[in-house]
Each structure stands twice: as C-alpha cells, then as structure tokens.
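Undergrad: Quick one: the structure is below, and I'll ask about it shortly.
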Amino acid sequence: MDIEPIYCAEQIKIPPNLADALKAYTKEVIRANPEDIIAFSVNYFTKLADYSTNLVVDATPDLGQIKEVNATMAQIANPTAGDFAKVCTQVGISPEILERAFTLDSPDFDTANAVVLLLTMVASNLENLLELTFDVLGSEHHLPVSKIIGVLEFLSTRDESVTGSMKDRLNSALEGKEVASINEIKAAIFSTEE
C-alpha cells in the first residue's frame with residue numbers, strides 16, 4: 001500500500017472503475033442495511049474478489065468492438081436482442097459482459113440503447129458517453145434529434161445523474177431540428193441555466 005503523502009491534485013490518480021465499484025458497494029450497503037458495516041464490507045469485498053479471480057474474460061469491450069457491433073447491426077433488418085448477442089459474440093464481446101451490462105430479453109429491444117449500454121462500460125463520464133455515442137451512432141458529426149433524445153431518455157431510467165432538467169433543456173434547445181451536433185447537445189445538457 002502506498003503511504004506517501006499527497007501534496008497536490010496532480011499526484012492523485014483515480015482508477016477508472018473506482019466510481020462504479022463504490023456505487024455498487026453503496027447500493028448493497030443501503031439494500032442490506034447491516035448492523036455491522038465492517039463485517040458486511042469484508043464479506044462483500046471477499047465475495048467480489050473471489051468472483052473477479054474466477055472471471056476469465058476482460059470485462060470491458062473496446063471502442064472498436066462496439067463500432068463493429070453497431071455497423072453489423074445496421075445491416076440486419078428488424079434486429080433482435082438475439083441478433084445483438086450473436087454479433088457481440090462474433091466480435092469478441094463475451095456473453096458474461098452482456099449479462100452484466102443489461103438484460104437482452106426485453107420486448108422493447110433497441111439497438112441504439114444496447115450500443116449505448118456497451119459504451120457506458122468504456123466512457124469515463126456522461127459527457128464522454130455522449131461523445132462516444134456520436135462517434136459510434138452519428139454520421140458526419142451529427143445525430144438525429146429523435147435518436148439522441150431517445151438515448152437520453154433511456155439513460156435516465158438507468159442513471160440518476162441524467163436529470164429531468166437535462167432532458168427538458170435538450171428538448172427546448174433542439175425543438176424543430178432533425179439533426180444536432182455534439183456541441184449543440186453538450187451545450188443544451190450541461191448548461192447551468194435553469
């Protein structure tokens with residue numbers, strides 16, 4: 001364990017998966033409401049470590065794989081969740097990763113939403129996720145407004161950081177437009193005007 005003192009912010013190196021690990025842990029603590037949080041924590045992280053050491057696949061798909069999945073899915077008429085799982089497997093994304101990311105048996109399967117869920121595994125934050133979404137789903141740095149609004153709506157059901165005011169600002173800023181650029185989307189979503 002590193003015990004050297006920290007004198008400035010530049011010395012702090014935050015592991016990319018720390019936020020996800022802490023979020024999952026916090027949810028379990030709240031769900032279980034243990035009397036002895038230390039014992040609960042030891043048990044939780046021991047089980048997590050056992051699970052992680054038995055995992056033989058890399059838990060993070062890369063951007064190239066996700067782009068390949070999207071391109072292949074675009075060629076399939078009326079794609080299904082089964083098609084998505086098959087294409088992911090073909091490009092080297094394991095079923096275990098898909099299972100951890102989301103449930104594929106939803107009757108409302110949408111390829112764009114499934115791709116965005118894969119992107120959440122490589123994005124560092126919401127702004128980066130939007131940039132990656134444009135990179136993968138967009139063309140010529142534009143994305144249909146209906147698609148980005150649908151993606152944001154979908155994300156709001158899974159991520160509490162996507163707020164109603166963000167969705168309202170986006171709808172207002174893009175009213176009457178058919179396509180939008182990443183800069184327009186970011187300006188609308190991350191504006192501080194309420």
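Undergrad: May I ask for the angle, rounded to the nearest 10°, between helix 37-54 and the longest principal axis of the chain, with both axes built from Cα atoms and the value confined to 0 to 90°?
TA: 60 degrees
Undergrad: Still on this model: Which entries in K47/K167; K13/K167; K23/K167 show an alpha-carbon gap greater than 29 Å?
TA: K47/K167; K13/K167
Undergrad: So, one more: Pick from L137, L48, L119: which residue has the top mean-square fluctuation in a GNM of the chain where Cα pairs under 10 Å get a spring?
TA: It is L48.
Undergrad: How tilted is helix 145-156 with respect to the longest principal axis of the chain? Cα atoms for both, answer in degrees (0 to 90, nearest 10).
TA: 20 degrees
Undergrad: Here's another thing I want to ask about it. Local charge sum around E175 (other residues, Cβ-Cβ under 15 Å, Lys/Arg +1, Asp/Glu -1)?
TA: So the environment of E175 carries a net charge of 0.
Undergrad: Counting pairwise Cα distances across the chain, what percent come out greater than 28 angstrom?
TA: 39 percent
Undergrad: Could I ask something else about it? Would you please put 142-151, 18-27, 109-118, 67-76 in order of how densely packed they are, using the mean number of other Cβ atoms within 10 angstrom per residue and starting with the highest?
TA: With the highest mean Cβ count within 10 Å placed first, the list reads 109-118, 142-151, 67-76, 18-27.
Values quoted throughout were computed directly from the atomic coordinates according to the rules given, and no laboratory measurement underlies them. All values derive from a computational prediction rather than experimental measurement. Using ideal geometry, Cβ is built from the backbone for each residue, glycine included, and neighbour counts are taken over all protein chains shown.
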